[in-house]
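A.B. asks: Have a look at this one before I ask anything.
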Amino acid sequence: MRKEVLLACLFALSATCWPAIARANEFVFAYVGIEGDPYYLAGRRYTGLTLKQPHPPLPGAKMAIRDSRIIGRSLGITFKLIEKAAAGADELATVIEALHREAGAKVFLLDVPAAMLRATAGRLAGAPLLLFNIRNRDNDLRNENCAPNLYHAVPSYRMLTDALAQYLFKKGWTKVLVLRGPGEADQAYAHSFSASARRMRLEIVGDRGFELTNDPRKRGESNVALMTGGPDYDVIFIADQDGEFGRYVPYQTYLPRPLVGDEGLTPAAWHWTWERHGAPQLNQRFARIEKTRRMSGADWAAWVSIKSVVAAIRKTGSSDLGGLRRFLTDPDTTIDTYKGSPSSFRAWNNQLRQPILLHTHNAVVARAPVEGFLHETNYLDTLGFDRGESKCVLAR
Amino acid sequence: MRPRFGVFRRGFAALVLCCAGAVAFFAAGAAQAKGTGLIFISNEKSNDITVLDSKTNTVIRTFQTCRRPRGMHFNADRTQFYVGCADDSQIAIYEVATQKLVGRIRGVEEPETFDLHPNGRHLYISNEEDATVTVFDVESGKLLNEFETGEEPEGILVTSDGKLVFVASEAADLVHVIDVEAGKIIKDIPTDVRPRRFALTPDEDELWVSAELSGMVNIIDMAALKVVESVAFRPTGFRREQITPVDILITKDGEIAYVALGRANHVGVVNVKTREVLDYILVGKRAWGLALTRDEGLLYVANGLSDDISIIDTKSRKNIKSIPVGRVPYGILIDD
């Protein structure tokens, strides 16, 4: 009863009491996806079994808008979220421009494949708007394919694999067997892990590609015991985005060794079991908005994108994009990620510096940067491409 | 949050004078003078309350309470205490002397902390998940009022004249000011990141609020209702992100502030007038809750991630004892 009354009051406020302010002082975020995006097509598995089904992180964005309503009240601004699905790659930039022109949207959360991100960020160079990558982990987007108007809320593959490598080093698990799937994402993940392993002086004792097949002639690529025999190792890293192969690897390995990567200990932006730094409150708020599933890393990325911009508007006292950009990449900025460390975007590639959670299916085992990994300016910069190694050139 | 005993007593005395409740005053005074010598600690993950004997500083007993107990507060005459249980959405009321459950206020959405209005009846409660402050009558258990706040309201403080209520919204970086008589929020004061708890100076000219993620305490001028100054903490050997202040206490003479520094595992000692940090006292892991004894000789600190209480001698500023309690200790109440 109480809640209904409260809700009614909220609607009343936005609909009748504040209309003039709302129109004059509205700040619009847009969530843009792709119609019929294959990334989200359900039932990709045999007999209705779905293993790693991603979901559009729209609830994360909605939560951020809800979280910001009282901040808006104190500023006299209404934060608004609009959603739109573009018909395809060619239409994406046009849709963004139209939303900017017609609905006044200034900040865009892009839930689109990496290729579209690369093309669109280029086409929109110089436009008075900010784009946030809330899906793609590809390293090139933080390096040679970076763009001055494109900000990355999701961690890169390199941040994830650096986090894992730090943990392995700390545990003294320095000999690693790599198993990689045939997919593009698997290759990118495994490649990134190799680079992290070099940085952490881990030894990759074997790097083997697997295939999904029962063909007896291909046992060397499909039989887990055979694939994990040979040299001794401390741990297995597996890159298997689909999860179909990976789920049969634990308990079938030749040596009794733990798994990391896409099975076992997994690095991620968020996990629903994280219970420090206010995380239970965030997870419970999410559960009020989305009842059918738990909060994912993508939801967190959508949420933190809006949260960062709202913090920037508050601190700069303006919605001027130049000021917002300066705030986002100011090293003294404190964005509360609910992961503990004050965060901000890296000035050299627009990547949100953030802790990475190393989780199993039901627990967060560690938070990276792992204790003891130091950095001259910000220890979060031990994860991902540091200023000196970044190939990104941001001509602002 | 809690032991603004000085302030509370003054407020109570003022109330008594204007309401001519002399009998109540003496009764309360007598109850206070007795004191059971018990110390109560709420353990938010083991759903129980540890009872310590303040003379020997040993655990006398531990009893089960409702789920996720956090904030605690005495009633007006200190014969009872309230425990907020977030996961049961209720406030349990216990008798101090016997720790018998004597009542429950139900339907309080995820209470975190609360403060008692000087009228002794109205409990102002921060409802973490609902992003509201609710006001309940402790005698009838009825909901009297509700205010919409930013996300994750936490620290809450009623001024001794009962006119204003301050609420910190952790996620909105705002301190809301409620005008009790008007029954509405009259101001949203911007703070640094993640405001958590309050302490008032005894003259009530300044309200100190911890900004957890900024590693600071913001000082709000009570006349201007805005942040005018800040105190930063930099204990040796800790990085900025590890310095996460939460609970604050100011001594009755208004000279010293104690600030629990969370992940920095220290309590900061601040000269209130000069804003100088005088000392850092090593305690257990993730120190949040604080409580002072009546003579202010001992400071009790709840260490959430080492499941223990540190006891600090405030003269030598040394940790003289630590006592294992339940899982994730949160609040401390001292009945001395």
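A.B. asks: Enumerate the amide H contacts of residue A:151 below 5 Å, restricted to partners 5 or more residues apart or on another chain; note that Pro and chain-start residues carry no placed amide H.
C.D. replies: It is A:131, A:132, A:133, by chain and number.
A.B. asks: Among A:248-260, A:69-81, A:132-144, how do they line up from the highest to the lowest mean number of other beta-carbon atoms within 10 Å?
C.D. replies: Ranking the peptides A:248-260, A:69-81, A:132-144 by packing returns A:132-144, A:69-81, A:248-260.
A.B. asks: From other protein chains only, count the Cβ atoms within 10 Å of every residue's Cβ in A:280-288, then give the mean.
C.D. replies: 3
A.B. asks: A further question on this structure: Show me the three semi-axes of the equivalent ellipsoid for region A:158-268, from the C-alpha gyration tensor (sqrt of 5 times each eigenvalue), largest first, rounded to whole Å. Walk me through the numbers on the way to the answer.
C.D. replies: Numbers: eigenvalues 93, 46, 27 Å².
Largest first, region A:158-268 gives 22, 15, 12 Å.
A.B. asks: Could I ask something else about it? Provide a whole-number value for the mean count of partner chain Cβ atoms within 10 Å of the Cβ atoms in peptide A:304-315.
C.D. replies: 1
A.B. asks: May I pose another question? Sequence neighbours fewer than 8 away in the same chain don't count; with that in mind, list the lysines whose C-alpha is under 17 Å from residue A:339.
C.D. replies: A:307
A.B. asks: Right, something else. P(r) for region B:281-327: what percent of alpha-carbon pairs falls in each 5 Å bin, starting at zero?
C.D. replies: 5, 27, 34, 21, 10, 2
A.B. asks: DSSP H helices in chain A with Cα extent of 20 Å or more along the helix axis and mean Kyte-Doolittle hydropathy at least -1.0?
C.D. replies: A:89-103, A:157-171, A:184-199, A:297-316
A.B. asks: Using only Cα atoms, what is the ratio of the radius of gyration of region A:107-198 to 2.2 N^0.38 Å? It would help to have the intermediate numbers written out before the result.
C.D. replies: Details: Rg = 15.4 Å, N = 92, 2.2 N^0.38 = 12.3 Å.
In units of the globular-protein estimate, region A:107-198 measures up at 1.26.
A.B. asks: What does the charge dipole of chain A about its Cα centre add up to, to the nearest 20 debye, if the Cβ of each Lys and Arg holds +1 and the Cβ of each Asp and Glu holds -1?
C.D. replies: That gives chain A a dipole magnitude of about 1000 debye.
A.B. asks: How long are the three semi-axes of the equivalent ellipsoid of chain B, in whole Å, if each is the root of 5 times an eigenvalue of the C-alpha gyration tensor, listed from largest down?
C.D. replies: Those come to 26, 24, 20 Å.
A.B. asks: In whole Å, largest first, what are the principal axis extents of the Cα atoms in region A:277-368?
C.D. replies: Its Cα atoms span 41, 28, 20 Å along the three principal axes.
A.B. asks: Using a cut-off of 19 Å between alpha-carbon atoms, which lysines can reach residue B:45, once sequence neighbours fewer than 8 places away in the same chain are excluded?
C.D. replies: Answer for residue B:45, where 19 Å is the Cα cut-off: B:285, listed by chain and number.
A.B. asks: Stokes-Einstein D for chain A at 4 °C, 1.567 mPa s, Kirkwood Rh over Cα pairs, in µm²/s?
C.D. replies: My calculation gives 58 µm²/s for D.
A.B. asks: Now, a different point. Post the alpha-carbon centroid distance, region B:170-215 to region A:219-270, in whole angstrom.
C.D. replies: The two parts, judged by their Cα centres, are 51 Å apart.
A.B. asks: Related question: Going through region A:156-218, which trypsin sites (Lys or Arg not before Pro) have at most 14 other Cβ atoms within 10 Å and a DSSP loop state? Numbers along the way, then the final one.
C.D. replies: On the way: sites: A:158, A:170, A:171, A:175, A:180, A:198, A:199, A:201, A:208, A:217, A:218; in loops: A:201.
Hits after loop and neighbour filter: A:201.
A.B. asks: Another question, then. Based on DSSP H runs of at least 4 residues, each adding -39500 (n - 2.57), what is the mean residue ellipticity at 222 nm of chain A after dividing by all its residues, to the nearest 500 deg cm²/dmol?
C.D. replies: One gets -10500 deg cm²/dmol as the mean residue ellipticity at 222 nm.
A.B. asks: Check the straight Cα-Cα distances from residue B:184 and name the lysines below 26 Å, setting aside those fewer than 8 residues away within the same chain.
C.D. replies: Residue B:184 reaches A:3, A:80, A:315, B:142, B:163, B:226.
A.B. asks: While we're on this one: Would you please give the residues with an amide H less than 5 Å from that of residue B:172, counting only those at least 5 places away or on a separate chain, with H modeled from the backbone geometry?
C.D. replies: The answer is B:151.
A.B. asks: Still on this structure, please answer the following. If you wrap a convex hull around the alpha carbons of the protein assembly as shown, what volume per residue comes out, as a whole number of Å³?
C.D. replies: Here the figure is 171 Å³ per residue.
A.B. asks: Using just the helices of chain B, give the 222 nm mean residue ellipticity in deg cm²/dmol: DSSP H runs with n ≥ 4 each add -39,500 (n - 2.57), and the total is spread over all residues, rounded to 500.
C.D. replies: Details: 2 runs with 28 residues, N = 336.
Taken over chain B, the calculation gives -2500 deg cm²/dmol.
A.B. asks: Counting other Cβ atoms within 10 Å of each Cβ, which GluC sites (Glu not before Pro) in region A:317-396 have at most 10 and sit in a DSSP loop? Could you put the intermediate results ahead of the total?
C.D. replies: Values: sites: A:371, A:376, A:389; in loops: A:371, A:376, A:389.
For GluC sites (Glu not before Pro) across region A:317-396 that sit outside H, G, I, E and B with at most 10 neighbouring Cβ atoms in 10 Å, the list reads A:376.
A.B. asks: Starting from the alpha-carbon convex hull of region A:175-240, give the projected area averaged over all orientations, in nm². Please list the in-between numbers first.
C.D. replies: Working: hull surface 17.1 nm².
If you wrap the Cα atoms of region A:175-240 in a convex hull and average its projections, you get 4.3 nm².
Read-outs: derived from the displayed coordinates by stated rules, not from any lab. Here the structure is a predicted model, which is why all the values come from computation and not from measurement. Positions of Cβ are backbone-derived with ideal geometry, glycine not excepted, and every protein chain shown enters the neighbour counts.
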